[in-house]
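Asks: Before I ask anything, let me first share the structure, which is written out below as structure tokens.
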């Protein structure tokens, strides 16, 4: 799940755009909410994650971080590992 | 702008620097204003602030030792709560410990 500015097809912020591009690279199902259209959602997500900026990425309910962190995990291979587990689990239950 | 005169005496970059310095006791601190790259940004135009919205920040601090990346970023954001509420829009953060830098 990504809480972002704009929608994946038309991000309205360079950082949201970057995060979407990284996540799309892994071919996993991606849900997105546009926080620009919903100030209440924006405030709720910020206080839930204790994180002041967007985008914010959650993987299976776990707060991962913003675009810097996603990029970092992408480069280190950590993101691949994390998403591989998800893909494997989904295949098992399917 | 009159009521903000006291703040205006220091640039946001300078305020970020002094706040991070005192909160994190940074051994290295680099602040780079990259607002010009986001000049056409919808949220920036809406805020009405001219520049000083986007920064690259590199912090080296022993206080990051044993902390996850997420928590290191939170420490930086926590130190800058006031700035984030007054027009600072986004930070790109590199947060390392002195040991991590030395390894390179």
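Asks: If I filter segment B:61-75 down to residues being buried (at least 21 other Cβ atoms within 10 Å of the Cβ) and more than 9 Å from chain A (Cβ to nearest Cβ), which single residue comes out as nearest to residue B:17 (Cα to Cα)?
Replies: By that ranking, first place goes to B:61.
Asks: From the set of residues in segment B:88-101 that are touching a residue at least 40 places away in the same chain (Cβ under 8 Å) and away from every other protein chain (no Cβ under 13 Å), which is surrounded by the fewest Cβ atoms within 10 Å (Cβ to Cβ)?
Replies: B:101
Asks: Also, quick follow-up: Return yes when residue B:82 is in a helix (DSSP H, G or I) and either within 10 Å of the chain's Cα centre (by Cα) or modelled with pLDDT of 90 or more (or both) and no when it is not.
Replies: yes
Asks: Taking the criterion of being in contact with a strand residue (DSSP E or B) (Cβ under 8 Å, 6 or more places away or on another chain) and farther than 19 Å from residue B:38 by Cα, would at least one residue in segment A:8-20 satisfy it?
Replies: No, segment A:8-20 has no match at all.
The values are calculated or read from the model by the stated rules, or taken from the named source; none is laboratory data. Given the structure is predicted, the values throughout are model-derived calculations rather than measurements. Glycine gets a Cβ as well: all are built from the backbone with ideal geometry, and neighbour counts include every protein chain shown.
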